[in-house]
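**Student:** Quick one: structure below, then a few questions.
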Amino acid sequence: MSELRYCQGTECHMHKTKDRIKGTKGSKTYQTRRRSSFYYGNNNFCSLWCQNDWFNKYGDLAINHFGRVTTAKHLTQDNAWSKEYDWNSDYDNRQYIYVNGITKEQRPLTEEQFRDNTYTLNTGE
Ligand SMILES: [Zn+2]
């Protein structure tokens, strides 16, 4: 059984829904949702509402902390590689390919390379 975690929404307890009412009779309060997993914000928020609450409060701080985009990024042949299935391959013998979105060049990929999130042919950001 996975451990329960709290929604990270800054206002979660302010959204009055029946499932948020917790506590013993006579001292019930609306409380932050607690679940084994959440669908939103990389498993941190119970709803888009809570995700937006968090972003509205901390988004600018987070962006400034990790680096604000201040110039346009460019898609070039150096960063246009993306991993795909070869849709013509059999389901039981799936073939993986790297496709360059600019040059349309295709290169074969092993399944291991396909699943490795650190493996890339991209040399630019
Ligand atoms: Zn929430």
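**Student:** Which ones in region 45-63 are open to solvent by less than 50 Å² (accessible area, probe 1.4 Å) and under 15 Å from CYS7 (Cα atoms)?
**Tutor:** PHE45, CYS46, SER47, CYS50, ASP53
**Student:** Quick one: would you say TYR40 is surrounded by 10 or more Cβ atoms within 10 Å (Cβ to Cβ) and more than 14 Å from the chain's Cα centre (by Cα)?
**Tutor:** Considered against the rule, which asks whether it is surrounded by 10 or more Cβ atoms within 10 Å (Cβ to Cβ) and more than 14 Å from the chain's Cα centre (by Cα), TYR40 comes out as no.
**Student:** Just checking, how many residues over region 79-125 are acidic (Asp, Glu) and either within 30 Å of ASP60 (Cα to Cα) or exposed (fewer than 12 other Cβ atoms within 10 Å of the Cβ) (or both)?
**Tutor:** Going through region 79-125 one residue at a time, the tally reaches 5.
The values are calculated or read from the model by the stated rules, or taken from the named source; none is laboratory data. Nothing here was measured: the structure is a model prediction, and the numbers come from that model. Note: ideal-geometry Cβ built from the backbone for every residue, glycine included; neighbour counts use all protein chains shown. Just so you know, the surface numbers come from the protein's heavy atoms only, side chains and all, with ligands and any DNA or RNA stripped out. Shrake-Rupley method; radii C 1.70, N 1.55, O 1.52, S 1.80 Å.
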